[in-house]
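To keep things clear, I will list the structure first and then write my remarks on it.
The values are calculated or read from the model by the stated rules, or taken from the named source; none is laboratory data. Please read all numbers here as calculations on a predicted model, not as lab measurements. Every residue, glycine as well, gets a Cβ built from its backbone with ideal geometry; the counts of neighbours run over all protein chains shown.
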Amino acid sequence: MKIIHFDVGKVQEHYVRNLGHEYTSATVNQYIQSNGTFQAEIVTGFPTSKFDRDTIDSIEGLRLIITRSVGVDSVDEEYCKQKGIKFINIRYSYHNVVHHTLAFILFYTRQLAQSFKRVQSGEFCHENIDCLDLGIRTLGIIGYGRIGKEVAQMADALGLKVIAYDRKYNHGDFIDGFELYDFEDLIQIADIISLHCDANPTSMGMINDETIGQMKDDVALINTARGSLIKEKDLIKNIDKFSFVGLDVLEDEVNFDKNHDLLKFPNVFITPHTAYKSEVTTKERWDKTFEYIKNFMKESNS
């Protein structure tokens with residue numbers, strides 16, 4: 001079987017195994033633009049590779065797609081079913097995403113960027129640094145799955161009041177000691193809003209001109225989930241509403257460059273989709289990828 005792994009960066013090369021597979025740093029979409037239709041039975045990729053209908057039809061003999069991520073919005077699952085193509089997503093330890101979220105919160109509330117800039121300028125004085133107290137603030141978590149629940153527990157330990165929204169629960173439910181709210185109520189109450197839901201037809205673009213208008217002035221927004229949850233044009237239009245915006249994901253990550261509009265604003269801090277990363281989770285994702293491929297090939301030959 002021909003097996004191609006897309007989106008393989010320099011750091012990930014350390015975990016790649018010499019199994020006769022093909023590895024490329026290109027997304028599947030860039031690969032098709034350069035090479036046209038190609039043949040492969042098994043392909044894997046990161047969410048930057050979009051396996052839509054046209055892409056799937058451009059891969060001859062395709063039998064298995066693996067996205068090396070928890071999120072599945074990069075793959076047209078329904079079309080895979082129609083064509084009899086198996087699809088698998090990799091579930092791995094989520095603790096790094098939780099830690100990254102809390103890092104954003106602490107970076108913001110302890111005013112680390114402002115403090116470091118002052119020190120770099122030669123000013124060692126705390127008078128002009130206004131740190132924020134977690135104990136008088138409410139964290140609103142949107143998406144109360146495994147990651148959201150772990151963020152809630154750690155934020156609670158830091159003294160934040162935690163409330164959450166998830167479409168699976170009703171307003172007034174208590175899960176693990178935390179109260180569930182309606183979406184509209186949560187975004188009006190929360191001082192810090194953190195996104196932890198997947199990208200689906202009901203959640204994509206949920207942070208938009210209308211919902212931003214319902215939020216508090218000087219609210220903080222954090223997104224370590226999926227870039228498509230936020231309409232970036234609306235975010236930019238209302239950027240003065242926010243005291244801090246921490247983003248690990250963007251709407252169009254593949255075409256990001258130094259001229260990106262969000263880089264113009266001092267209250268925006270962006271990391272390059274690194275929330276999931278560590279030497280432990282990267283190895284775990286590759287180990288599971290190779291395990292799924294091995295099992296698929298065994299099933300195919302039995």
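Odds and ends about this structure:
- Output for region 70-79, where each listed residue is farther than 22 Å from residue 297 by Cβ and either in a loop (DSSP other than H, G, I, E, B) or in contact with a helix residue (DSSP H, G or I) (Cβ under 9 Å, 6 or more places away or on another chain) (or both): 70, 71, 72, 73, 74, 76, 79
- Sub-9 Å Cβ pairs linking a first residue in region 109-121 that is at negative phi to a second residue that is assigned to a helix (DSSP H, G or I), at least 6 apart or interchain, are 109/134; 112/106; 113/107, ordered by first then second residue.
Conditions (1) out of contact with any strand residue (DSSP E or B) (no Cβ under 9 Å at 6 or more places or on another chain); (2) crowded, with 17+ Cβ neighbours inside 10 Å; (3) not in a loop (DSSP other than H, G, I, E, B), marked per residue:
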{"site": "217", "(1), (2), (3)": "no, no, no"}
{"site": "245", "(1), (2), (3)": "no, yes, yes"}
{"site": "255", "(1), (2), (3)": "yes, no, no"}
{"site": "258", "(1), (2), (3)": "yes, no, no"}
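- Residue 49 meets all of the listed conditions (1) polar (S, T, N, Q); (2) out of contact with any Phe, Trp or Tyr (no Cβ under 6 Å at 6 or more places or on another chain); (3) closer than 25 Å to residue 91 by Cβ but one, namely (2).
- Filtering region 34-78 to residues that are in contact (Cβ under 8 Å) with a residue 24 or more places away in the chain, within 23 Å of residue 197 (Cβ to Cβ) and either of a type outside the set (A, V, I, L, M, F, W, C) or in contact with a His (Cβ under 6 Å, 6 or more places away or on another chain) (or both) leaves 45, 47, 48, 49, 50, 52, 68, 69, 71, 73, 74, 76.
- Considering region 260-287, and only residues there that are at pLDDT below 95 and among the charged types (D, E, K, R), the residue that is surrounded by the most Cβ atoms within 10 Å (Cβ to Cβ) turns out to be 285.
- Residues that are part of a helix (DSSP H, G or I) and either modelled with pLDDT under 95 or crowded, with 16+ Cβ neighbours inside 10 Å (or both) within region 121-136 comprise just one, 134.
- The set of residues in region 9-55 that are closer than 23 Å to residue 291 by Cα and assigned to a helix (DSSP H, G or I) comprises 11, 12, 13, 14, 15, 28.
Residue-wise test of (1) assigned to a loop (DSSP other than H, G, I, E, B); (2) within 23 Å of the chain's Cα centre (by Cα); (3) hydroxyl-bearing (Ser, Thr, Tyr).
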residue: 139; (1), (2), (3): no, yes, no
residue: 144; (1), (2), (3): yes, yes, yes
residue: 153; (1), (2), (3): no, yes, no
residue: 156; (1), (2), (3): no, yes, no
residue: 172; (1), (2), (3): yes, no, no
residue: 193; (1), (2), (3): no, yes, no
residue: 211; (1), (2), (3): no, yes, yes
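- The set of residues in region 59-68 being part of a loop (DSSP other than H, G, I, E, B) and buried (at least 22 other Cβ atoms within 10 Å of the Cβ) consists of 62, 68.
- Here residue 56 fulfils each of the conditions (1) over 25 Å from residue 298 (Cβ atoms); (2) surrounded by 19 or more Cβ atoms within 10 Å (Cβ to Cβ); (3) in contact with a helix residue (DSSP H, G or I) (Cβ under 7 Å, 6 or more places away or on another chain) apart from (1).
- Region 219-243, residues that are assigned to a helix (DSSP H, G or I) and under 10 Å from residue 207 (Cα atoms): 228, 229, 232, 234, 235
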